[in-house]
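Let me begin by presenting the structure, written as structure tokens, before commenting on it.
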Amino acid sequence: MSAFIVVGAQWGDEGKGKMTDYLAEKAEVIVRFQGGNNAGHTVEVGDKQYKLHLVPSGILYGNKLNVIGNGVVVDPKALFDELDYLEGLGVKVTPENFIVSDRAQLIMPYHKTLDALKEKARGKNDIGTTGKGIGPAYTDKVERSGLRVCDLMHIEVFREKLSENIKAKNEIITKVYGGEALDFEAIYNDYVKYAERLRPFVRDISVRVYDEIKAGKKVLFEGAQGMLLDIDYGTYPYVTSSNTIAGGVCTGAGIGPTMITNAVGIAKAYTTRVGKGPFPTELNDEMGEWIRQKGHEYGVTTGRARRCGWLDLVILKSTARICGLTSFVVTKIDTLAGLDKIKVCVGYKFEDKVIDYFPASLEDLAECEPVYEEFDGWDESVGNARSYEELPENAKKYLKRIEEFTGVKISIISVGPRRDQTIEVGSI
Ligand code: GDP
Ligand code: IMO
Ligand code: MG
């Protein structure tokens with residue numbers, strides 16, 4: 001196991017931050033390969049809690065190399081705010097333990113303005129984005145007008161491209177959306193300052209990550225969001241604008257598929273989603289509220305209440321296939337403790353048959369009716385278990401069903417937010 005991926009198996013917030021931090025102990029290099037500061041990853045070590053958005057969750061060890069890949073969209077202001085936040089908590093960030101791709105796209109103030117204006121224009125069909133400028137930044141990347149970190153390193157080139165971009169964006173902001181034009185000089189002056197602070201961290205990360213793998217170092221690729229927020233395989237258009245699936249590593253970190261040995265899917269023991277879009281097993285009732293309160297299901301980035309529902313094995317099976325998962329990590333089984341009965345979706349009734357894959361069309365998905373199996377619940381002792389044997393029998397049955405349905409083994413069970421509340425049951 002020299003290069004492995006941690007990927008969200010549902011709609012994000014599965015506990016990737018906790019598990020990346022936990023698994024980072026076994027790695028020397030931790031790489032973010034997509035998304036931006038729309039992500040919110042929580043790591044708890046002892047009595048300290050850290051909330052990370054852009055910096056990889058391996059940063060807390062101090063002696064590991066943390067990498068922001070070219071597939072990430074970087075808001076320099078958000079990045080420096082996060083570095084200051086980490087420094088305030090006693091975490092040292094230097095070019096020895098943190099580097100940023102010269103090919104990463106920059107999130108600019110007009111991306112955030114456009115994110116807000118486009119959402120407003122969508123009216124009742126809004127996506128419920130995080131408002132961080134993610135979609136507009138990736139749009140510019142694909143449209144080939146994006147500004148990259150390497151442009152910022154050549155400030156005259158940056159000035160010229162920024163000037164062109166601001167002219168074009170102001171036309172759209174004012175004429176299409178009736179918004180206020182942005183001021184070129186103010187933005188330029190801010191980015192000149194960011195450029196100097198960023199410079200020591202900028203590298204060709206594909207070269208560095210490749211060399212690390214070749215040298216026999218273990219590299220962990222930390223996914224953001226989750227499979228169903230993927231731009232291709234998610235619940236389009238209610239998705240984020242990047243490839244969140246395991247395949248995103250190849251394009252987002254410049255690493256060939258043959259170099260990756262394992263892909264671990266992080267799955268919450270139930271399902272949550274933030275923002276709009278379909279959610280077949282959603283519980284719009286007291287049960288959903290119970291899970292939300294017990295699991296503290298509120299967004300790390302936006303503070304929004306997360307929608308909650310039963311575990312959906314159709315989703316996990318689809319993630320296993322699309323991401324080529326070698327194992328699952330199941331988190332938050334402690335949250336479900338105390339329930340008498342727990343339901344699990346094992347198929348969708350669709351046009352007189354039961355299907356076990358996730359349909360592309362939202363219209364077809366709306367027709368799908370979850371087919372449930374019911375399990376007996378378990379008690380709070382689950383949170384204190386530190387070995388598989390100590391888990392309640394009913395929790396074991398629940399976990400076995402996940403393996404059986406998806407055909408993928410569980411390697412780790414998480415029974416609480418802290419590092420030590422983790423049970424290893426197999427290889428990843
Ligand atoms: P991420 O975006 O996938 O990193 O997940 P978030 O950090 O947004 O949300 C997961 C939340 O669950 C965080 O508050 C974690 O501290 C917490 N968490 C992770 N694993 C467990 C677990 O096994 N049990 C409990 N109770 N909380 C967990
Ligand atoms: P982590 O890494 C959960 C959701 C937003 C919205 C949609 C598009 O913490 O799991 P965007 O701002 O990306 O254009 O919003 O994607 N979303 C997330 N939901 N966890 C995340 O990240 C998310 N990042 C984006 O709520 O529905
Ligand atoms: Mg999160």
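The values are calculated or read from the model by the stated rules, or taken from the named source; none is laboratory data. Not measured: the values here are computed from a predicted model. Methodologically, a virtual Cβ is constructed for each residue, glycine included, from the backbone with ideal geometry; neighbour enumeration extends over all protein chains shown.
Just one of Asp140, Asp75, Asp84 is of a type outside the set (Gly, Ala, Ser) and surrounded by fewer than 18 Cβ atoms within 10 Å (Cβ to Cβ); which is it? The conditions single out Asp84. Which residue pairs have Cβ atoms under 6 Å apart, sit 6 or more places apart or on different chains, and have a first residue in region 315-327 that is over 15 Å from Asn262 (Cβ atoms) and a second that is outside any helix (DSSP H, G or I) and of a type in the set (Asp, Glu)? Qualifying pairs under 6 Å: Lys317/Asp356. Within region 259-274, residues that are over 15 Å from Ser414 (Cβ atoms) and charged (D, E, K, R) have Cβ atoms under 6 Å from residues that are more than 9 Å from ligand 1 (Cβ to nearest atom) and in a loop (DSSP other than H, G, I, E, B) in these pairs: Arg273/Trp11; Arg273/Phe279, counting only partners at least 6 apart in sequence or on another chain. Going through Thr258, Thr235, Thr281 one at a time, which residue ends up being touching a Phe, Trp or Tyr at 6+ places or on another chain (Cβ under 6 Å) and at pLDDT 95 or above? Exactly one of Thr258, Thr235, Thr281 is touching a Phe, Trp or Tyr at 6+ places or on another chain (Cβ under 6 Å) and at pLDDT 95 or above, namely Thr281.
Among the criteria (1) among the basic types (Lys, Arg); (2) surrounded by 18 or more Cβ atoms within 10 Å (Cβ to Cβ); (3) part of a helix (DSSP H, G or I), the one Lys343 does not fulfil is (3). No other residue among Ser327, Ser381 is surrounded by fewer than 20 Cβ atoms within 10 Å (Cβ to Cβ) and away from ligand 3 (no atom under 16 Å from the Cβ) apart from Ser381. Meeting the requirement of 2 or more residues that are among the acidic types (Asp, Glu), the helices (runs of 4 or more DSSP H) wholly within region 82-191 are 109-122, 134-143, 155-171. Taking the criterion of being hydrophobic (A, V, I, L, M, F, W, C) and within 16 Å of ligand 3 (Cβ to nearest atom), the residues of region 297-324 that qualify are Val300, Ala305, Cys308. The criterion of at least 2 residues that are over 23 Å from Asp232 (Cβ atoms) and within 15 Å of ligand 2 (Cβ to nearest atom) is met, among strands (runs of 3 or more DSSP E) falling completely within region 1-78, by 41-45, 48-52. When the test is whether a residue is modelled with pLDDT of 95 or more, farther than 30 Å from Ser2 by Cα, surrounded by fewer than 21 Cβ atoms within 10 Å (Cβ to Cβ) and touching a Ser or Thr at 6+ places or on another chain (Cβ under 9 Å), Leu362 passes it.
Exactly one residue among Lys118, Lys48, Lys112 is farther than 22 Å from Gly8 by Cα and at pLDDT below 95, and that residue is Lys48.
Yes/no per residue for (1) in contact with a helix residue (DSSP H, G or I) (Cβ under 8 Å, 6 or more places away or on another chain); (2) in contact (Cβ under 8 Å) with a residue 40 or more places away in the chain; (3) outside the structural domain of Asp21 (by TED's automatic domain parsing):
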residue: Asn38; (1), (2), (3): yes, yes, no
residue: Thr42; (1), (2), (3): yes, yes, no
residue: Glu82; (1), (2), (3): no, yes, no
residue: Gly88; (1), (2), (3): no, no, no
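Hey, any hits in region 311-326 for a residue that's farther than 23 Å from Gly247 by Cβ and of a type outside the set (S, T, N, Q)? Yes, there is a match, as at least one residue in region 311-326 is farther than 23 Å from Gly247 by Cβ and of a type outside the set (S, T, N, Q). Within region 20-45, the set of residues being at pLDDT below 95 and of a type in the set (Val, Ile, Thr) comprises just one member, Val45. Of the listed requirements (1) surrounded by 15 or more Cβ atoms within 10 Å (Cβ to Cβ); (2) in the same structural domain as Gly12 (by TED's automatic domain parsing), Ile127 misses just one: (2). Of all the residues in region 224-249, those that are in contact with a Cys (Cβ under 9 Å, 6 or more places away or on another chain) and closer than 17 Å to Pro56 by Cβ number 1. List pairs: first in region 392-403 and more than 13 Å from Asp312 (Cα to Cα), second assigned to a helix (DSSP H, G or I) and hydrophobic (A, V, I, L, M, F, W, C), Cβ under 9 Å, 6+ apart or cross-chain? What qualifies is Pro392/Val382; Ala395/Val382.
Residues of region 12-48 that are within 7 Å of ligand 1 (Cβ to nearest atom), of a type in the set (Asp, Glu) and over 28 Å from Lys141 (Cβ atoms): Glu44 alone.
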